[in-house]
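The values are calculated or read from the model by the stated rules, or taken from the named source; none is laboratory data. Since the structure is predicted, the reported quantities are computational estimates derived from the model, not experimental observations. Using ideal geometry, Cβ is built from the backbone for each residue, glycine included, and neighbour counts are taken over all protein chains shown.
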Amino acid sequence: MSRPELLVVGGGIVGLSAAIAAAQHGAAVTLIDAAINAGTTANAGSLHVQLQSRFLRLYPDQAHNVEASLHLYLEAVREWDRLEANHGPFEMVRHGGLMLAENATQLKFLEAKARREAARGLDVDILERAALGRIAPWLGPQVFGAELCRDEGKLNPLTANIRLRAVARRLGTTFVKDRIVTLTVGDNVQLRGELGLYKADQAIVAAAWGSGRLLGGLGLALPSRAEPLHMNITEPAAASIQHLVQHAERSITLKQLQSGQIVIGGGWPAQSRGDDVVPAVLADSVLGNIALAGKLVPGIRELRVIRTWAGMNTTVDGKTALGRIPGAERVIVAVPGDAGYTLGPLCGRLASELAAGLPGEVDTGPYSPARFAAR
Ligand SMILES: Cc1cc2nc3c(=O)[nH]c(=O)nc-3n(C[C@H](O)[C@H](O)[C@H](O)COP(=O)(O)OP(=O)(O)OC[C@H]3O[C@@H](n4cnc5c(N)ncnc54)[C@H](O)[C@@H]3O)c2cc1C
């Protein structure tokens with residue numbers, strides 16, 4: 001019997017993970033990637049589980065979608081544990097994440113948030129200043145308290161991406177650099193790219209911000225939007241910061257890599273130059289992001305920032321879009337919800353299990369793209 005053929009569009013963390021799992025299930029996989037503006041090659045390596053204050057502030061209308069997906073984030077970090085064990089090391093640790101409060105009002109907000117998260121199975125606690133100081137003595141004196149989410153962690157995405165790409169290659173994935181322009185479905189799936197025509201039994205569309213444009217022709221109005229974001233990294237310092245650090249009201253993520261370098265990001269904007277061009281770094285984001293980091297962790301103020309960059313995140317409606325397309329069932333969409341690098345390996349594997357007709361251990365029903373189908 002011939003092997004089932006699968007096309008994967010998009011070579012980010014979702015597409016790579018889908019290709020790896022599909023090859024393990026016996027499929028002949030061709031991964032087609034335009035290799036432009038992948039969030040996967042620009043991201044900060046935070047493994048997010050708790051509700052991010054940045055997201056709640058920017059997209060309050062989508063907050064319920066993220067909250068309803070919290071169990072998926074717990075599954076997603078376990079998926080990263082398995083990947084680390086099988087294909088690592090990715091410099092991954094799960095020592096937990098701190099979300100900082102600088103006053104009593106912010107801590108009250110975190111207390112309410114922690115109650116909602118605990119009800120959904122997250123391992124969270126509120127720490128007053130004295131307890132916080134014992135585990136994070138490097139914090140500035142004005143920090144009042146924090147929420148600790150023990151499920152969270154961090155890794156080095158550069159290492160993880162290189163290793164996972166090598167695994168996919170070793171398992172026989174064919175990599176093609178092309179941009180797909182049209183997608184048609186009949187007795188098979190046909191993808192027309194700028195450079196070639198590709199046919200297979202099924203396709204997984206994991207093209208992040210590019211997914212909506214591709215799927216429009218199949219009657220799916222997936223509102224995938226590109227969101228240009230800013231990042232910084234410092235020179236190395238002595239290791240001291242174990243946790244992923246965020247703030248209850250301000251946009252920041254801060255973490256220390258094994259190299260000692262501090263990675264600072266958390267959603268400061270970059271300047272879009274169109275979806276197909278790398279976004280431009282904004283001076284206000286460099287200054288604002290770094291100043292906030294130095295205020296929260298005074299010990300890093302003397303470090304030099306050795307690189308800043310901008311990359312393309314993708315937003316949809318806060319919830320992962322994962323499943324077969326109504327009326328075009330040979331096509332499976334896999335676009336992760338907020339914090340897509342955290343969710344990516346799980347989304348990719350679940351998409352490949354759908355393609356193989358395997359019963360996954362996660363119910364993907366709530367994430368079906370049918371919510372975007374023309375009525
Ligand atoms: C600066 C920044 C920091 C971030 N930090 C974090 C973090 O710390 N933790 C976290 O969990 N998440 C983070 N994210 C989000 C995360 O990086 C993304 O959500 C995730 O990488 C998306 O993975 P993906 O595989 O869905 O898509 P991507 O990695 O975006 O890859 C999509 C690929 O599809 C290709 N493509 C698009 N259209 C087509 C087409 N028509 N034909 C062929 N190929 C196409 C693109 O060129 C791209 O290569 C961050 C994002 C940014 C930008």
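Just a few scattered comments:
- Boolean, Val8 is surrounded by 24 or more Cβ atoms within 10 Å (Cβ to Cβ), in contact with a helix residue (DSSP H, G or I) (Cβ under 9 Å, 6 or more places away or on another chain) and in a loop (DSSP other than H, G, I, E, B): no
- Which listed residue is crowded, with 19+ Cβ neighbours inside 10 Å, away from the ligand (no atom under 12 Å from the Cβ) and within 19 Å of the chain's Cα centre (by Cα), from His230, His243: His243
- Residue within segment 24-40 that is in a loop (DSSP other than H, G, I, E, B), touching a strand residue (DSSP E or B) at 6+ places or on another chain (Cβ under 7 Å) and more than 10 Å from the ligand (Cβ to nearest atom) present: yes
- Filter result for the condition that a residue is without any contact (Cβ under 8 Å) to a residue 12 or more places away in the chain and either assigned by TED's automatic domain parsing to the domain that holds Gly217 or aromatic (Phe, Trp, Tyr) (or both), over Arg179, Arg169: Arg169
- Qualifying position, being more than 16 Å from the ligand (Cβ to nearest atom) and either charged (D, E, K, R) or touching a residue at least 12 places away in the same chain (Cβ under 8 Å) (or both), among Pro326, Pro359, Pro345: Pro326
- Positions within segment 190-207 being in a strand (DSSP E or B) and either within 11 Å of the ligand (Cβ to nearest atom) or under 27 Å from Asn313 (Cβ atoms) (or both), in sequence order: Leu191, Arg192, Gly193, Tyr198, Ala203, Ile204, Val205
- If the condition is being more than 17 Å from Ile180 (Cβ to Cβ) and either of a type in the set (A, V, I, L, M) or within 15 Å of the ligand (Cβ to nearest atom) (or both), then segment 1-14 contributes Met1, Ile13.
- Among the candidates Ile204, Ile262, the residue that is assigned by TED's automatic domain parsing to the domain that holds Ala118 and under 22 Å from the mean Cα position of the chain (by Cα) is uniquely Ile262.
- Exactly one residue among Gly210, Gly216 is surrounded by fewer than 17 Cβ atoms within 10 Å (Cβ to Cβ), within 12 Å of the ligand (Cβ to nearest atom) and small (Gly, Ala, Ser), and that residue is Gly216.
- Boolean, Ala293 is within 16 Å of the ligand (Cβ to nearest atom), out of contact with any Asp or Glu (no Cβ under 6 Å at 6 or more places or on another chain) and assigned to a strand (DSSP E or B): no
- Of all residues in segment 135-146, at least one satisfies being in a helix (DSSP H, G or I) and assigned by TED's automatic domain parsing to the domain that holds Gln256.
- Residue match in segment 264-281 (condition: surrounded by 18 or more Cβ atoms within 10 Å (Cβ to Cβ) and away from the ligand (no atom under 13 Å from the Cβ)): no
- Test: Ser17 is closer than 26 Å to Ala356 by Cβ, buried (at least 24 other Cβ atoms within 10 Å of the Cβ) and within 12 Å of the ligand (Cβ to nearest atom): yes
- The criterion of at least 1 residues that are of a type in the set (Asp, Glu) is met, among helices (runs of 4 or more DSSP H) falling completely within segment 49-95, by 63-68, 70-87.
- Single match in Glu67, Glu102, Glu79, Glu84 (criterion: crowded, with 18+ Cβ neighbours inside 10 Å and away from the ligand (no atom under 16 Å from the Cβ)): Glu102
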